[in-house]
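**Student:** Have a look at this one before I ask anything.
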Amino acid sequence: MKILQPPNWSEPRGYANGTMAELTVGSRIVFVGGQVGWNAQQQFETDDLAEQVGQTLRNIVAVLKEGGAGPEHMARMTWYVRDKQEYVGALREIGKHYREILGKNFPAMTAVEVADLIEDRAKVEIEVTAVVPAAA
């Protein structure tokens, strides 16, 4: 198992941003731990949900890259949102960020409303599992 830590990111405490395991020769699975809408220095730049989603998706791409993967390798996404109504109200803007950052890659997804997230300013947290074939 290899820990995935994008360069210039602050070190996480008590968790990994991602891990990778080789499945067969050359193929691997990449697990992206729950990412929130903060920057590489773990600072929030906005309290807008759609903007936090955009930053969260950019963070996911950075961790995937560390594992030699990209959005095209995503097999599963789980979204945790603090406010279902705010999420539904921002879907158009969220979709715009999704398409700009992840393209037309649509893994199996689950979205869940939660009572709270560990980071007080976080409005969303997303985790991803990616499968990278040997040829990638």
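The values are calculated or read from the model by the stated rules, or taken from the named source; none is laboratory data. Quantities reported herein were computed from a predicted structural model and do not represent experimental measurements. Positions of Cβ are backbone-derived with ideal geometry, glycine not excepted, and every protein chain shown enters the neighbour counts.
**Student:** Determine the pairs where a residue that is buried (at least 17 other Cβ atoms within 10 Å of the Cβ), located within the range 56-77, has a partner that is in a helix (DSSP H, G or I) and among the hydroxyl-bearing types (Ser, Thr, Tyr) with Cβ atoms under 9 Å apart, the partner being 6 or more residues away or on another chain.
**Tutor:** The qualifying pairs are Leu57/Tyr98.
**Student:** Mind telling me which of the residues Glu11, Glu22, Glu45 ends up being modelled with pLDDT of 95 or more and either touching a Pro at 6+ places or on another chain (Cβ under 7 Å) or among the acidic types (Asp, Glu) (or both)?
**Tutor:** Glu45
**Student:** For Tyr80, indicate whether it is part of a helix (DSSP H, G or I), of a type in the set (Phe, Trp, Tyr), surrounded by 14 or more Cβ atoms within 10 Å (Cβ to Cβ) and at pLDDT 95 or above.
**Tutor:** no
**Student:** While we're looking at this one, here's another question. Checking Lys104 against (1) in a helix (DSSP H, G or I); (2) over 23 Å from Pro12 (Cβ atoms); (3) charged (D, E, K, R): exactly one of these is not met. Which one?
**Tutor:** Of the numbered conditions (1) in a helix (DSSP H, G or I); (2) over 23 Å from Pro12 (Cβ atoms); (3) charged (D, E, K, R), the odd one out for Lys104 is (1).
**Student:** Among Trp79, Trp38, which is aromatic (Phe, Trp, Tyr) and more than 15 Å from Val128 (Cβ to Cβ)?
**Tutor:** Exactly one residue qualifies, and that residue is Trp38.
**Student:** Consider Glu93 carefully, then state whether it is under 16 Å from the mean Cα position of the chain (by Cα), without any contact (Cβ under 8 Å) to a residue 60 or more places away in the chain, more than 15 Å from Val36 (Cβ to Cβ) and part of a helix (DSSP H, G or I).
**Tutor:** no
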